[in-house]
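Bear in mind these aren't lab numbers, they're just calculated from the coordinates by the rules spelled out. Worth saying up front: this structure is predicted, and the values here are computed from it rather than measured. Glycine also receives a Cβ, built like all others from the backbone with ideal geometry; neighbour counts cover every protein chain displayed.
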Amino acid sequence: MGVILIFLLGIANFAVHKAVLESRHPLLGQVPMFFHLLGGRFSLIVEFLMLLGALLMVSQGSDGWVWLYLGYSGVNAVSAWLILTGRV
């Protein structure tokens, strides 16, 4: 069940990440230069590696990673909401 939850959260994380990248918010100009590699897609690769790591850990029985990834997804969702609604 944890693998399915993390997979669904991963889809949501990719969606909000892509929306933030496409927003061209001025805050994106302040991120470190290596995040601009590959036309901004480097950050999507990092997002994928985080999802893959969490999925591998949970599939091996480390259920605490579900809570960690859930927390990460919550922080990700709140920060995307702040950026996309112009509150930041």
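Would you mind telling me which residue in F42, F34, F14 has the biggest mean-square fluctuation in a Gaussian network model of the chain, where springs connect alpha carbons within a distance under 10 angstrom? Of F42, F34, F14, the Gaussian network model singles out F34 as fluctuating most. For H17, the shell of other residues with beta-carbons less than 13 Å away shows a net charge of 0, using +1 for Lys and Arg and -1 for Asp and Glu.
Note on the chain: Kirkwood hydrodynamic radius from all Cα pairs is 13.7 Å, rounded to one decimal. Between the Cα long axis of helix 2-23 and the first principal axis of the chain there is an angle of about 0°, rounded to the nearest 10.
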